[in-house]
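Quick notes on the structure that follows.
The values are calculated or read from the model by the stated rules, or taken from the named source; none is laboratory data. The model shown is predicted, which means the values in this text are computed figures rather than measured ones. All Cβ positions, even for glycine, are placed from backbone atoms using ideal geometry, and neighbour counts span all protein chains on display. The accessibility values were calculated without ligands, DNA or RNA, using every heavy atom of the protein model including side chains. Shrake-Rupley method; radii C 1.70, N 1.55, O 1.52, S 1.80 Å.
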Amino acid sequence: MNKKTTDLMKMNSKAAAKKYNKKETIRTKHGGDGDGENEKDLKPRSPVVTLMGHVDHGKTSLLDYIRKTNIIAGEFGGITQHVGAYNVKFKNGKSITFLDTPGHEAFTAMRARGTKITDIVIIVIATDENVMPQTKEAISHAQGAKVPIIFALNKIDKVNSDPMKIKRKLSEMNFLLKEWGGNYPSQEISAKSGEGVDQLLEKILLEAKKLNLRANPNKPAEGTVIEASLEKERGYTTTILIQGGTLKVGDYLVAGTFHGKVKLILNERGKSLKKEYPSKPVIILGLNGPPFPGEKFKVFLNEKEAKQFVENKIKLKKEHKFRFQRKPQITLEQITLEQMTKKIKKLKLIIKADVDGSVEALSDSLENLSTDKIVVQIIYKNIGLISESDILLAVASNAIIIGFNVKITSKAKILANQKKIDIRLYSVIYNAINAINAIKKALDAQKIIPTKLVGTAKVINCFKHKKIGTIAGCLILTGQIKRNSKLRLIRKGQLIYSGELNSLKRFKEDVKEVNKGYECGIVIKNFNDIKIGDIIELY
């Protein structure tokens, strides 16, 4: 962020804090239960709870029962079409803010932006069915967010309900419930009759008490955009979650690259409010455009400062756009370098394969490569195509995707290119293991892979040999290639493989080296997925 924008933010924080408090408030971070706040300014706040799980397992029905209103009646086909945010107050004076999402993709998309919007996640599972793939994904995404998880075992009123089956399945997935001596709270419920719902709410409040959730209400509001839309009669409407401070009608608000004066504040029931406090979701009117879900918002002293901040932000984005587009988020080679400088301690992987047997075999083999210097962590594994959801999880968790005998969906491929996610596709399990093992060995030896190039070659033809494998017919572009060199194979600008040169030939003869301008045959050790046009870098 440039100095002008930083100075403006500092000036705004001080001036606006005086306006609200008649004193300056110390703020060094956005949101986050009092990070950078004075202790005396912090007050208890309501927990923000996200409901997640498989479609039709009863997430919205549960929220519907809690709110005593018919949310479902307004939804197409009984499926949640948007992110709903609702604050529910109870007779004891406590309140909980619920987020009802259309799926874990929306939840993780927000987290991928670096935004923490939830304190607790409720995983809703229907006891008359099973722990479905989407449920497993939701659990993985909640784990990635590092927030407490409570399991709500729904539909116990059904004749074929079997809560014990669900509990056993969760234990097999290493999610041992508290009633079985584990760490995860659970509650058997019926969203239809309300049985067990009160006990679930008590467990939510108990978890919230452990978290000691607090915020400073006596400062300009700041928080996160939940969703935004354009309505014909009212213009742009934006649903936001206030995470700190107090929002008032008339405030000048900036969300993403949009700004405006708050003309109207509504709760989820459409009631007009003059102001609202932390942990409360509201709908506001007044912005000049629709910010993206997960964008942070904050209040400025006046319209001039709000506009100036937005202009500086847009300018800064343009200046950095090209650099960020070209920079991959993370690659195996980068992990090697960052691990050595202790910036990263784990190699996080997402595994997608064609069948369950392959998933288990590959995940077990890769996890067994862990050492005391680097831990190979499988944060999610499943069967099926590599989807947008997998890309979002990789972005949020800084992970690499390993695909085994699977393809990437067209939308996922576009998103992966935008986010610069490293995806490795294999059809032979040992190739995947060798790729990860090469990184592990480099780390164990406390050596960083050298980056000084001694030569580059372009693949101009490929030959298949039953005993040897794939022979790459190459033209030496720069430098000199020597036998037994280390190498990297680059395809369309992406690193595909790091390994060793197995053999080097001129015509049919083995040679020790080949110079620039000459052609040769190269065999890469333990790797055969070579294509015409690939670039081989040797170092």
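Please go through the range 433-459 and give me each residue that is among the charged types (D, E, K, R), at pLDDT 60 or above and within 21 Å of Gln377 (Cβ to Cβ), ordered by number.
Correct list: Lys440, Lys441.
Figure legend. Inter-residue proximity from the range 189-202: first residues closer than 11 Å to Ser61 by Cβ and open to solvent by less than 20 Å² (accessible area, probe 1.4 Å), second residues of a type in the set (S, T, N, Q) and assigned to a helix (DSSP H, G or I), beta-carbon distance below 6 Å, spacing 6+ or different chains. Indicated pairs: Ala191/Ser61.
For the range 496-529, a residue qualifies if it is at pLDDT 80 or above, of a type in the set (D, E, K, R) and over 40 Å from the mean Cα position of the chain (by Cα), and the qualifying residues are Lys505, Arg506, Glu509, Asp510, Lys512, Glu513, Lys516, Glu519. The strands (runs of 3 or more DSSP E) falling completely within the range 467-515 that include 1 or more residues that are over 26 Å from Lys420 (Cβ atoms) map to 469-482, 494-506, 513-515.
All told, Ile125 meets the bar of being of a type outside the set (Lys, Arg) and in contact with a Gly (Cβ under 9 Å, 6 or more places away or on another chain).
Mind listing whichever residues of the range 258-279 are open to solvent by less than 100 Å² (accessible area, probe 1.4 Å) and assigned to a loop (DSSP other than H, G, I, E, B)? Across the range 258-279, the qualifying residues are Val262, Asn267, Glu268, Gly270, Tyr277, Pro278, Ser279.
Kindly check whether there is at least one residue in the range 337-345 that is at pLDDT 80 or above, open to solvent by 40 Å² or more (accessible area, probe 1.4 Å), not in a loop (DSSP other than H, G, I, E, B) and not aliphatic (A, V, I, L, M).
The answer is no; no qualifying residue exists.
The residue of the range 117-136 that is least open to solvent (accessible area, probe 1.4 Å), among those that are charged (D, E, K, R) and at pLDDT 90 or above, is Asp119.
Within the range 229-248, the set of residues being modelled with pLDDT of 90 or more and hydrophobic (A, V, I, L, M, F, W, C) comprises Ile240, Leu241, Ile242, Leu247.
Within the range 383-403, the residues that satisfy the criterion of being modelled with pLDDT of 80 or more and open to solvent by 20 Å² or more (accessible area, probe 1.4 Å) are Gly384, Leu385, Ser387, Glu388, Leu392, Val395, Ala396, Asn398. Every test in (1) of a type in the set (A, V, I, L, M); (2) buried (at least 24 other Cβ atoms within 10 Å of the Cβ); (3) touching an Asp or Glu at 6+ places or on another chain (Cβ under 9 Å) is passed by Leu287 save one, and that test is (3).
Could you please let me know if Ala412 is surrounded by 15 or more Cβ atoms within 10 Å (Cβ to Cβ) and modelled with pLDDT under 85? For Ala412, the condition - surrounded by 15 or more Cβ atoms within 10 Å (Cβ to Cβ) and modelled with pLDDT under 85 - is not met.
Annotation: of all residues in the range 460-495 being among the β-branched types (Val, Ile, Thr) and open to solvent by 40 Å² or more (accessible area, probe 1.4 Å), the one that is modelled with the lowest pLDDT is Ile468.
Figure legend. Inter-residue proximity from the range 174-188: first residues in contact (Cβ under 8 Å) with a residue 12 or more places away in the chain and over 11 Å from Ile149 (Cβ atoms), second residues aromatic (Phe, Trp, Tyr) and surrounded by 15 or more Cβ atoms within 10 Å (Cβ to Cβ), beta-carbon distance below 9 Å, spacing 6+ or different chains. Indicated pairs: Gln187/Phe151. Looking only at the range 140-167, residues that are within 23 Å of Ile66 (Cα to Cα), open to solvent by less than 60 Å² (accessible area, probe 1.4 Å) and basic (Lys, Arg) come to 1 in all.
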